[in-house]
Amino acid sequence: MIPQETVQKILDTARVEEVIGDFVTLRRRGADLWACCPFHGEKTPSFHVIPSKGQYYCFGCHKGGSAVGFIMDYEHLSYVEALRYLARKYNIEIVEKEETAEDIANRQRNESLLLVSEYAGKFFKEQLHTDEGRSVGLEYFHSRGLEDATIEKYGLGWAPSSRHALTDAAKAAGYKDEYLLETGLCAAYDSDNRLHDRFYDRVVFPIHSMSGRVIAFGARTLKSKEEGKPYAKYVNSKESDIYVKNKSLYGIWFAKNEMARKDKCYLVEGYLDVLSMHQLGITNVVASSGTALTEGQIGLIKRFTQNVTIMYDGDSAGIHAALRGIDMFLREGMNVKVVLIPDGDDPDSYSRKHSLAEVEEFLAAAEMDFVDFKSSLLLKDTARDPLKRAEVINDIADTIADIPDAVKRSVYVDFLSDKFEIRRDILDERIGATRSKRLIEQKKAADRDRERLRNQTLRSGASAGSATILPGNGYATGSGNGSIAGTFGVSGSSTDGLAYGGAPVAEPVEATRQSTGLDALIDNRIMATAERDLLNFILTYGTTKLEFQSDSAFYSGSDEDALTVFDFIGQALEGDNSQFANSVFRKVYEAYSKDYYEGYSQDEIDAQKYAEQERKATAVGNPFKDFDSKTVDGKDIRFSELVEKGKVTLLDFWASWCIPCIQESKELKELYKTYHGKGFNIVSVSLDTDKQKWLHAIQKHELPWTHISTLKGFKDPGAIEYAVQAIPYIILIDRNGNIINQNQHGDILHNAIKEQFK
């Protein structure tokens, strides 16, 4: 982590006009500066830079902010990455917090892999200009219409026909066998105990990361397939710590800025498709590189734009891939269109045959909405067959069901209804049923994942009634007391202090009916009463399964697939294209939905309501709460006996089996070493149930402070008093016995302790 004082130094040093001036030409008007906006196309300058305030603002696209914000938007970097960028620009040294030996080893290893890959990229690039490379590789690239400037820009290369050329060169340059093997640049030892090259006698396409570093390669043979001999047209790098195929896109480094500026991405299939279009002047293009489109690749595109046009070949394989891609993009909430290149061409050949203006005109004219695309494609063979026509309409309706946004779904339903002259209510029924079915499937999948995770945890040694490690948060959480990811608050009179994921929520069940404190938060008073009653019903009976008569449209005939109260209400809301009118109730409903589909039971959800009361009692600003416990030698003790007046106390809930706890203990040891002599103590409460494992962990990890536990797991009196549902869990108590920090970690915790000793 970057220390706060360094962050402040970077912010104080960076001048907005200097930073932005590296990317655009600024012209002075009085005390301020103006330019054409780099984020959207314009001819008249509307991009305003104000040095005196350290800010910029565009009156056209309304982007604005500081120097850091500009670098984040323009280079598509995170906040920390932008800070590092500015630190390099102004020669500010960043001394980050001390890394563990493991952290250092992993970072150095990944850097070694990147250096090996970059060396290979330079090697292949140089080999393209040898006699062999020019006569074969360079000649091939030229034959495909690629200019020298394009070949140079994208680092295209040649892998020599020798099976050991790269290996020998890399080892002579000092690169180790293990990194050559790990990156997949070399394969296993052959008969003479030598490594051999993975890529040989092929043209090479380097694959770059989001930050522009070479992480992998694709290589194409120029030889034709021979009968009886193995043949692979393309050979690609294997996956490694620096290259994950399903999270990589060819051309993303060169396309990302243009994707963001034009708010659009063209997705093609192959390397040459990208290169030819980029060379032509259409640079917001990336390729899935011959692999089936994945959610990880969609996530990369989504970072820069919500709009994507699938541009695949017009053959059967291309059409099939386009159909699959449509559904995947829609499920991610993106806007998707399709362009099919005429038969006999692909984006590469079409780009080489036409001018930029002609290609842009073709794309604008040929772009089809997915409804038009599917209907024109699927209706070809239906002729006058009404049943086949119905199948096509159902297929398109099922695709619309993938759209998460209710407004977009409604628009497409209207469009489909008009196009095929089908009653809207019939389409709504089909889409509602499809969404319900998929939600049930998702819930079953989540249940299976949770069960698999629980079994894995049990096999690793954690007890079933004590805890599991849940995905997503990296913390251990108690399973015996109904823990869930979020929080439903309960209060007798108001919603003050209630939160679910940081947002205020309504009071559930009986408390809600009697509360008057919600009045100020109600958006729609006409709907308030009905929505409150409906929400109460959900919170009370949500997971209860409903029974229907066999002639009902909702009768499944299977108890396993029977609708629950929440499924039924959710379907009804979806079918009516409705949602809660009141924002407070809507947040509660959405929170319940999240935990419901993550597989939590009604008992688990209910348990969380009452845990909130304890959390409020131990919130920041309140005095610490006392509880009974036992020392390591079994003697009774009160926590208050360990809280010394005039000293700062850190109360730490942990367990020997909790991996995140053990990892955090390293940081706590550093804090203890730094501040103990100044009046800082740590009291650790173990949620173990096995005394020997508890004591062994204290000794093994050399934890020098006070340790207590009743060995009752999450039923420990301390855990109950502080409503501990996940560990590690930390309470910081000041010299006066008041709670000043609750469950904060890392730099936030360090700074809070540091502040106490100024």
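Values in this text are rule-based calculations from the coordinates and carry no lab data. Note that the coordinates shown come from a computational prediction; the quantities given were computed from them, not determined experimentally. Positions of Cβ are backbone-derived with ideal geometry, glycine not excepted, and every protein chain shown enters the neighbour counts.
Comparing Ser349, Leu280, Ala255 along the charge dipole axis of the range 247-366, the residue lying farthest to the positive side is Ala255, per the Cβ-charge model. What does a probe at Lys691 reach in the range 624-665, counting residues whose amide N is under 17 Å from the point 7 Å along Cα→Cβ? Answer for the range 624-665: 629-637, 656.
Post the alpha-carbon centroid distance, the range 651-667 to the range 235-287, in whole angstrom. Going from one Cα centre to the other spans 42 Å. Looking at the range 17-64, the trypsin sites (Lys or Arg not before Pro) that sit in a DSSP loop and have at most 10 other Cβ atoms within 10 Å of their own Cβ are Lys43.
Seen from a random direction on average, the alpha-carbon convex hull of the range 247-366 projects onto 6.3 square nanometres. Given a Förster distance of 35 Å, report the FRET efficiency between Ala530 and Ala390 from their Cβ-Cβ distance, rounded to the nearest 0.05. After rounding, the FRET efficiency stands at 0.40. Placing +1 on each Lys and Arg Cβ and -1 on each Asp and Glu Cβ, with no other charges, gives the range 4-89 a dipole about its Cα centre of roughly 220 debye. Peptides 673-684, 238-249 ranked from most to least packed, by the mean per-residue count of other Cβ atoms within 10 Å: 238-249, 673-684. Could you calculate the FRET efficiency of Gln442 with Glu641 from 1/(1 + (r/R0)^6), where r is the beta carbon distance between them and R0 is 41 Å, rounded to 0.05? E(calc), rounded to 0.05, equals 0.20. By DSSP, the beta bridges lying fully in the range 618-756 are antiparallel in about 55 percent of cases. Checking the Cα-Cα distances for Lys630/Lys754; Lys153/Lys256; Lys587/Lys625; Lys171/Lys238 against a 22 Å cut-off, the pairs over it are Lys630/Lys754; Lys587/Lys625. Between Glu81 and Ile104, residue separation times 0.36 nm minus the direct Cα-Cα distance comes to 6.4 nm. Using only the C-alpha atoms, the convex hull of the range 110-243 corresponds to 117 Å³ per residue.
On the beta carbon distance between Arg735 and Leu573, with R0 = 60 Å, the FRET formula returns roughly 0.70. Its residues counted as N, the range 4-89 yields a C-alpha radius of gyration over 2.2 N^0.38 Å of 1.06. Straightening the chain between Ala172 and Ala619 buys 154.7 nm, computed as 0.36 nm per residue apart minus the Cα-Cα spacing.
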